[in-house]
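I have placed the structure first, in the form of structure tokens, so that the comments after it can refer back to it.
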Amino acid sequence: MLLNYQYRAYPNTNQKLELNYWLRVCRYWYNKQLGDRFDWVHELQYARSAKVASNTNGLSLP
């Protein structure tokens, strides 16, 4: 059973340069967004731990 197709490309020099340019752009933005996501998660975890630390001032729930 055929599940997918494979294609082969033979780009010329100008096409290779263009493809490499776009791959660099995509890699840059992917890594930037991934870094922003890690920073966001880290800030969220820090905010939660700070909130928990501020709520544990010796008072207990009824």
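The values are calculated or read from the model by the stated rules, or taken from the named source; none is laboratory data. Please read all numbers here as calculations on a predicted model, not as lab measurements. In this analysis, Cβ positions are derived from the backbone assuming ideal geometry, glycine residues included, and neighbour counts consider all displayed protein chains.
Values computed for the structure shown
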read-out: Close pairs from the range 18-35: first in contact (Cβ under 8 Å) with a residue 40 or more places away in the chain, partner surrounded by 10 or more Cβ atoms within 10 Å (Cβ to Cβ), Cβ under 8 Å, at least 6 apart; value: none
read-out: First in the range 40-62 and at positive phi and at pLDDT 70 or above, second anywhere and among the basic types (Lys, Arg) and loosely packed, with under 10 Cβ neighbours inside 10 Å, Cβ under 6 Å, 6 or more apart; value: none
